[in-house]
Structures are given as C-alpha cells and as structure tokens.
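For reference, the structure discussed in these notes is given below.
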Amino acid sequence: MAHHIFLTGEKQVGKSTLLQKALLGYTKTIGGFYTVRTNQFLQDSYSVHLYLPKEPPLACQENLLFVCGECTDSIPQRFNVLGCQALERAQNSSLILMDELGRHEANAYKFRQAVLSQLEKDIPIVGVLQHPAEIYWPEIVSHPKVQVLTITKENREDPDLMKQIRSVIFL
C-alpha cells in the first residue's frame, strides 16, 4: 500500500473536488496547503493564492502566489516562502495536503526540496499534481512511497477509487 497518494488528470476533471470528498469525516489535524484561482483579488485578471487547510479562501497580497498570465522572477520566491511556511507548520499534523503542485514551482528550488523531503517522512500525504505530472514533478511520480492516480470523467465516481484515496487518509 502506498504511503502517499497524488491525483492527476486533465484540468477541471474534478481532482480537488474528489480529494475534498475523500477528506470528509477526517477529524485529525491536516497540515499543508491548497491553492485557489480567483478573480476576486484583482478584478481584471485571475490570481492564484495559497491557503492552509481549514482556512477560508480570502485572497490577499500576503497569500498571493502569482497572477495568471504573468511570468515574473518573484513567483519562485513566493512559493519558497509561502509553501515552505505551510509545510513547516504541518510537521505536527496527522495528514499533509498538497493541492496542487504544477509547473509554476519549477524554479522554486527550496519549496521543491521541502515537498520532496516530506515524502520521506511518516506523515501521510494526499495531493494533486498538474497534468502531465511526470513532466512537472517526476521526482514525485517515481517515488517508491507514492501512488499516482489518474482521474478522468469516466472514473471519478468509482467507489474503488475513493477507497484507494481514503486508505491513505484514514490509516
């Protein structure tokens, strides 16, 4: 049995929604992070913000990761600061959430290392990897403690899929 499970698949297929359904009923502490794309922060464009689990998604400058469509040198630094802080706070959690990891972290070397070091620890991890996961995060895809599940419109309602995910969450 895998110690960590990551979901991958095409955009908008329901990866994060499936993960949130799997977490229903989990009463222990959840650490880590989740990200939300919104147009509520900048009225004329979308931005992506990082939140801690159980934290309401209130977009602000302090949790801003990047503005969609903009490529700036500050993006890796934001991941290095916000992402590493979230993972550091997760050290005493029963479960770590990483929703989601993708291409924007490519040059955030400190954050990438923090993510990979979590895979070696005993705290179970559930997360979402942008597709194609093997391109953006090959270290996670090939890790011996990780199982990557590809979510599709056809399988996202499969009860066996939910059982696999919950087997890591409810160890």
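Coordinate-derived values only; no laboratory data. Bear in mind that the values here come from a model prediction, so they are computed numbers and not experimental data. Every residue, glycine as well, gets a Cβ built from its backbone with ideal geometry; the counts of neighbours run over all protein chains shown.
The table below gives the values:
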item	result
Residue within the range 108-115 that is among the aliphatic types (A, V, I, L, M), touching a Pro at 6+ places or on another chain (Cβ under 8 Å) and farther than 22 Å from Gly25 by Cα present	yes
Selection count, the range 37-68, where residues are closer than 22 Å to Ile125 by Cα and free of Cβ contacts under 8 Å to residues at least 12 places away in the same chain	2
Extreme residue, surrounded by the most Cβ atoms within 10 Å (Cβ to Cβ), among residues of the range 1-38 that are basic (Lys, Arg) and within 22 Å of Glu105 (Cα to Cα)	Lys15
Restricting the range 142-165 to residues that are part of a loop (DSSP other than H, G, I, E, B) and among the β-branched types (Val, Ile, Thr), the residue that is surrounded by the most Cβ atoms within 10 Å (Cβ to Cβ)	Ile151
Selection status of Glu134, free of Cβ contacts under 8 Å to residues at least 12 places away in the same chain, closer than 28 Å to Leu24 by Cα, surrounded by fewer than 16 Cβ atoms within 10 Å (Cβ to Cβ) and not aliphatic (A, V, I, L, M)	no
Residue match in the range 22-36 (condition: in contact with a helix residue (DSSP H, G or I) (Cβ under 6 Å, 6 or more places away or on another chain), hydrophobic (A, V, I, L, M, F, W, C) and without any contact (Cβ under 8 Å) to a residue 60 or more places away in the chain)	no
Qualifying position, being of a type outside the set (A, V, I, L, M, F, W, C) and within 12 Å of the chain's Cα centre (by Cα), among Glu105, Glu120, Glu88	Glu105
Test for Gln77: is it in a helix (DSSP H, G or I) and farther than 25 Å from His4 by Cα	yes
